[in-house]
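The values are calculated or read from the model by the stated rules, or taken from the named source; none is laboratory data. On a predicted model such as this, the values are computed, not experimentally measured, just so you know. FYI the Cβ positions are ideal-geometry reconstructions off the backbone, even for glycines, and counts take in every protein chain you see.
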Number of protein chains: 4
Amino acid sequence: MNFASDNVTGACPAVLEALVRANDGAALSYGEDLWTARVQDALRDVFEKPDLLAFPVATGTAANALALASLVPPYGAVYCHREAHINVDECGAPELYTGGAKLVPLAGEGAKIVPHDLAAAAQGHGVVHHVQPAAVSITQATEAGCVYSPDEVAAVAETARSKRLRLHMDGARFANAVAALDVAPAEITWQAGVEVLSFGATKNGCLAAEAVVFFRPELAETFAFHRKRAGHLFSKGRVLSAQLEAYLADDLWLENARHANAMARRLGGGLAALPGCGLWAPVEANEVFTLLPPPVVAALQRVGVQFIDGFFGPGVQRFVCAWNTQLEDVEAVISAAAAVGGRVEAAGV
Amino acid sequence: MNFASDNVTGACPAVLEALVRANDGAALSYGEDLWTARVQDALRDVFEKPDLLAFPVATGTAANALALASLVPPYGAVYCHREAHINVDECGAPELYTGGAKLVPLAGEGAKIVPHDLAAAAQGHGVVHHVQPAAVSITQATEAGCVYSPDEVAAVAETARSKRLRLHMDGARFANAVAALDVAPAEITWQAGVEVLSFGATKNGCLAAEAVVFFRPELAETFAFHRKRAGHLFSKGRVLSAQLEAYLADDLWLENARHANAMARRLGGGLAALPGCGLWAPVEANEVFTLLPPPVVAALQRVGVQFIDGFFGPGVQRFVCAWNTQLEDVEAVISAAAAVGGRVEAAGV
Amino acid sequence: MNFASDNVTGACPAVLEALVRANDGAALSYGEDLWTARVQDALRDVFEKPDLLAFPVATGTAANALALASLVPPYGAVYCHREAHINVDECGAPELYTGGAKLVPLAGEGAKIVPHDLAAAAQGHGVVHHVQPAAVSITQATEAGCVYSPDEVAAVAETARSKRLRLHMDGARFANAVAALDVAPAEITWQAGVEVLSFGATKNGCLAAEAVVFFRPELAETFAFHRKRAGHLFSKGRVLSAQLEAYLADDLWLENARHANAMARRLGGGLAALPGCGLWAPVEANEVFTLLPPPVVAALQRVGVQFIDGFFGPGVQRFVCAWNTQLEDVEAVISAAAAVGGRVEAAGV
Amino acid sequence: MNFASDNVTGACPAVLEALVRANDGAALSYGEDLWTARVQDALRDVFEKPDLLAFPVATGTAANALALASLVPPYGAVYCHREAHINVDECGAPELYTGGAKLVPLAGEGAKIVPHDLAAAAQGHGVVHHVQPAAVSITQATEAGCVYSPDEVAAVAETARSKRLRLHMDGARFANAVAALDVAPAEITWQAGVEVLSFGATKNGCLAAEAVVFFRPELAETFAFHRKRAGHLFSKGRVLSAQLEAYLADDLWLENARHANAMARRLGGGLAALPGCGLWAPVEANEVFTLLPPPVVAALQRVGVQFIDGFFGPGVQRFVCAWNTQLEDVEAVISAAAAVGGRVEAAGV
């Protein structure tokens, strides 16, 4: 029962089969293959944006850092939430790829950026002493498992425009957000003002595949050079693109995400209902952040439930559901917690 | 009949099957999985070096650039052949990952470095005006399809030692070189003085998998940070390691390489024997560099043979054989060339 | 009456005369001159540290960024106050020179770092996902014009040691801090745990001269290469060193600083005593941060007093005194403010 | 008798006096001062280009590297002569400031670039595997003491245009070249196609002052940020600009250069006329490259003549004349060489 992350899973069957099928025969290398062309077409359909440009890469860190490298100068400032993956979990990849741009961390509930704070931070345009306001990056779903509504994205975008900032979205769990909001992908991205999206797939049914999606093609001019120079242009491009093609076909990506979200809702609801247990953040996508009493934590660990304890704050646990999380495992976690919870309560702890 | 590169192929069956098998179940992420541990063990066996450290990455450019980033300071000089992949074909990846180190190009027959030239170039130790001699990178097999003998590697290594340079080997086609030389992998690497190897697999039967192998573990201290920061640490590490495990098992890697080399020998021999045709470089591994008359080139292109014409010099063609090159295709190329060749000769061209 | 900054001044007479004298004759270039050797000796005396290494540079930004480049890897974290010059006013110089290290901003009264906050932030040693805790930089005197006591420096140093961080001090106004504390320079630096100091001189009587002082010489190994590569090694080294030599002779640096501090105390005391006026921060060195009513601000601007209004917060003014600030100018500012202040009060504003 | 370099000298009297005069009073900091404005005006007059933009910096390395940082992307290629200062003597500064661009070295007599070689090297536009042709940098006068004629510059510029390269000129000894050619500065720069010039002054009468001159102002958009971020924006801008203002006034810069050139011609002529002695390169500016027999070299060293022996090739010596080289010293060198030369000849060596 592994809830440590949605990246402990393998690929879902359709993706794996597509990869196997794509293995046959010779193909043009370095992204000139047909799979890659079809992935871009599929993304154009999904996002209802016939001129978007899409570039497959293998990891989310690469997607984010390469996207930012296309958007900001080395003396630029990138505003993001202080808990953002780009700020905390990428060992400085954005700094490397941008040539030393500065990530400026902002606070905000649910790991969301507050437009007012963004406006207050983005100062100093044209003053040579200060790094230059260049971009803002938001995460959808956020590091706290929350989801920006279309209006919330639009509000960030409006501030970004007024401050001449590019708007990037880290969509490592974009599918979960779209599924949760039940909106058209266009509505939560370019129609709301997002200019570049790291479209995640690895965590939601692929093995290693993301796409950097430029909704404004003129922003992509330097991307291909940055990608190659970073060693992220695969010679056998179909490895990435065959995964993405299958992932996008027949709404598989949304189906996977809906399942994961549903499992998370059940898990969060079940745990939160137990005596002495609570949620640290609302369950809006596929992550569950709980406040469980130490005996419950210990008991779950004892029976082999894997989750993260303490990283997001003392006393906070994170459980992540994935495309293949089994309802019986979810129920087993709740039951195990309930058993202890009862004893805890009985003991008056 | 695609001889454009050994990267137009898919994975060989055993590698693909291993990837499919590895997909099952949950696994620790970010390289803490069992496949990755087993790959390191397998490489220790292959190289008879129980303390080597190995790190899977997805592309050869990443392997080379990350290896160099571990070896040289930003104000360092890296000596390499002027035709080296790191100098010509990686869009500046070594410069990015090292923080701006300088690649100093050297000449040399067969795209091999000449120790005397290396010694002459590696000057200025301790003089602040000059980039500091830091590393030398040789390619095995070389960009001209040639192979360094163990003695040749040892001669470069001796110069490197005397100039206090680290010795890196770009082994994108390392398997082909080992197969061609019929030596123990140890003999052509650490026993000859190589300290870090980019162990290629993508071109020889994998989909996207290389390993950076440190024969001196103390040189690897910063590697893991560089890799993560470059977005080259896969969350689902088994994607890379399952390929490499199968590739290394039962000498599959050498078997694939031997086949490719044999096909190249046959192709090179067959073409060179034709009237008016010659070889630009000896066929020592799996690449064939030819000097074919324009009518032959045109005729081969007309019947759909894919190869590279002109990139390595005017009038020079490159054909690359792979793990899955078919003998009948090789013979078909020779026949097609022979047919034209006869006509060319008859016409007195 | 220019109180905008201590960098609006020229050099003090002794420094200028030394520069003129040094101009005669030929001298070895690139720092091999005698002035540079003597400056290092003088700093060894001043700091009672016979093995320190000192390197002149022209600007404070260069001093800070080059010092940090010697201390941290590109994937390192540098902790500093969020108002620190390196974080706010150097347009990303530390990021450039370190190859992309991350500045992690901390809060704290008087622009001082709180050891407890430093300890809480410096996490993740050895975890590849996170930038690696590498250094802490404190500013003496701080951006709020405050001064760390020896005990306060030692407390930061103790935390730094426990977290394996190098300790850098940005001493753009180091002289003012030493004069204010009336301590031996050693006591507030290496004896308290400082490992590298940006020893400022430009703001306190030089034209353009700073020195990077390594109290632990082994940390300076790469400095000379970083400096050259940054274009900060002057061919005519005496330009910088002659200034520094005169600056250090006969305690001129402390005399200048004592004067500036005394002027600031008088200015701060005089303004704070006025009705409706206050200090935003205590006057501990040569900067005065005030909270003056708008009519007072306007009146001072009207009579041509130059100072900074609003940058450090709404309603906050900064006045900086220098080695050549005239007491009569200070009194004139106080009188002008008092005149308005009286009217303000009379008007019941 | 120091002929080691033109950077062993102090400033010429007018420059030093201007610096002393400029020291008085308060001035706006960070380049907002009046001296800096006047320097730009003076350069507009000198170059007959009313819209040029000029930025003072302290060192030639900074001027070159910052100029290139404004012109090329991090994945760009900069073509230069293999002996160019930027390639050999700046410890990788261009690589640092451009974020890792690649310097591609070319051969050529007299350290001049040959347009045909440039055209042959500047390949691969738009191909992601290759660094992108971005700029060419020529040195005037060259590292071999030679001078590009206006036609030669124009020929390089024409190739640059056809290959979409920016044209930068490293003018560390620009004054000597202009004096030697006796042309208008405009003729040898923007009228011939130069877009950005590192206008040197340090070697020809200043202490530490250069100017980066953009003949096309739109290319300067990012320069100010690069300069600040590199720590090369002086707070007391008059330090640099007062020097440059005096240097440009009344053709002082050309007068100094004419003197240095005349001394070099006499020295070269005198030495070349001696038996067994020759010139390695023609004396076109203020540098003299000789081929002196070892006994002559030894004798000169014995009597305290300073020059560089061997760095530019075995058996090659370099003597540099400056604004203050004395004719009697030149004659003394020739006499000392002649004395030995006679003995050498007599001995039949």
- [ ] Examine segment A:156-163 for a residue that is crowded, with 18+ Cβ neighbours inside 10 Å and within 12 Å of chain C (Cβ to nearest Cβ), and state whether such a residue exists.
- [x] no
TODO: Would you mind telling me which numbered condition in (1) surrounded by fewer than 23 Cβ atoms within 10 Å (Cβ to Cβ); (2) under 22 Å from C:Q243 (Cα atoms); (3) of a type outside the set (D, E, K, R) D:A4 fails?
DONE: (2)
TODO: Would you check which residues across segment B:130-142 are facing chain D (nearest Cβ under 9 Å) and either assigned to a loop (DSSP other than H, G, I, E, B) or aromatic (F, W, Y) (or both) and list them?
DONE: B:H130, B:V131
TODO: Starting from segment C:225-238, take each residue that is assigned by TED's automatic domain parsing to the domain that holds C:A209 and under 11 Å from C:F55 (Cβ atoms) and list its partners that are β-branched (V, I, T) and outside any loop (DSSP other than H, G, I, E, B), counting only C-beta distances under 8 angstrom and pairs at least six apart or across chains.
DONE: C:R227/C:V57; C:K228/D:T61; C:H232/C:V57; C:L233/D:T61; C:G237/C:T36
Task: Odd one out for C:N87, checked against (1) facing another protein chain (nearest Cβ under 8 Å); (2) touching a Cys at 6+ places or on another chain (Cβ under 8 Å) - done: (1)
Open item on the list: Based on this model, can you work out whether B:S70 counts as within 9 Å of chain A (Cβ to nearest Cβ) and touching a Ser or Thr at 6+ places or on another chain (Cβ under 7 Å)?
Closed with: no
Open item on the list: C:T61 - would you say it is in contact with an Asp or Glu (Cβ under 8 Å, 6 or more places away or on another chain) and within 14 Å of chain D (Cβ to nearest Cβ)?
Closed with: yes
Open item on the list: So, in segment C:1-43, exactly how many residues are under 20 Å from the mean Cα position of the chain (by Cα) and free of Cβ contacts under 8 Å to residues at least 24 places away in the same chain?
Closed with: 1
Open item on the list: Based on this model, can you work out whether B:L52 counts as surrounded by fewer than 24 Cβ atoms within 10 Å (Cβ to Cβ), more than 8 Å from chain A (Cβ to nearest Cβ) and either touching a Gly at 6+ places or on another chain (Cβ under 8 Å) or in contact (Cβ under 8 Å) with a residue 12 or more places away in the chain (or both)?
Closed with: yes
Open item on the list: Among the listed residues D:V283, D:V288, D:V297, identify the single one that is part of a loop (DSSP other than H, G, I, E, B) and either in contact with a Pro (Cβ under 8 Å, 6 or more places away or on another chain) or over 23 Å from D:Q40 (Cα atoms) (or both).
Closed with: D:V283
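Listed here are the residues, each with its yes/no results for (1) under 15 Å from D:H81 (Cα atoms); (2) assigned by TED's automatic domain parsing to the domain that holds D:P217; (3) over 18 Å from the mean Cα position of the chain (by Cα).
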residue	(1), (2), (3)
D:C146	yes, yes, no
D:R166	no, yes, yes
D:F174	no, yes, no
D:V178	no, yes, no
D:A186	no, yes, no
D:Q191	no, yes, yes
D:L197	no, yes, no
D:A201	no, yes, no
D:C206	no, yes, no
Open item on the list: Suppose the filter is buried (at least 24 other Cβ atoms within 10 Å of the Cβ), touching a strand residue (DSSP E or B) at 6+ places or on another chain (Cβ under 7 Å), of a type outside the set (V, I, T) and touching a residue at least 60 places away in the same chain (Cβ under 8 Å); does B:A63 pass it?
Closed with: yes
Task: Close pairs from segment D:112-134: first over 20 Å from B:G310 (Cα atoms), partner of a type in the set (S, T, N, Q), Cβ under 6 Å, at least 6 apart - done: D:K112/D:T142; D:P115/D:T159
- [ ] Test B:A262 against the criterion of being surrounded by fewer than 24 Cβ atoms within 10 Å (Cβ to Cβ), modelled with pLDDT of 95 or more and closer than 23 Å to A:R229 by Cβ, and give yes or no.
- [x] no
Open item on the list: Given the criterion among the hydroxyl-bearing types (S, T, Y), within 14 Å of another protein chain (Cβ to nearest Cβ), closer than 29 Å to C:C206 by Cβ and crowded, with 24+ Cβ neighbours inside 10 Å, identify the matching residue among D:S241, D:S235.
Closed with: D:S241
Open item on the list: Quick test for you: out of B:E245, B:E218, pick the one residue that is among the acidic types (D, E) and in contact (Cβ under 8 Å) with a residue 24 or more places away in the chain.
Closed with: B:E245
Task: Residue list for segment C:190-231, filter: touching a His at 6+ places or on another chain (Cβ under 8 Å) and buried (at least 24 other Cβ atoms within 10 Å of the Cβ) - done: C:V194, C:V196, C:L197, C:S198, C:K228, C:G231
Open item on the list: I'd like to verify a number: residues in segment A:1-32 that are farther than 30 Å from A:G304 by Cβ, modelled with pLDDT of 95 or more and more than 7 Å from chain B (Cβ to nearest Cβ), how many?
Closed with: 5
Open item on the list: Tally up the residues in segment B:137-176 that are among the acidic types (D, E) and in contact (Cβ under 8 Å) with a residue 60 or more places away in the chain, please.
Closed with: 2
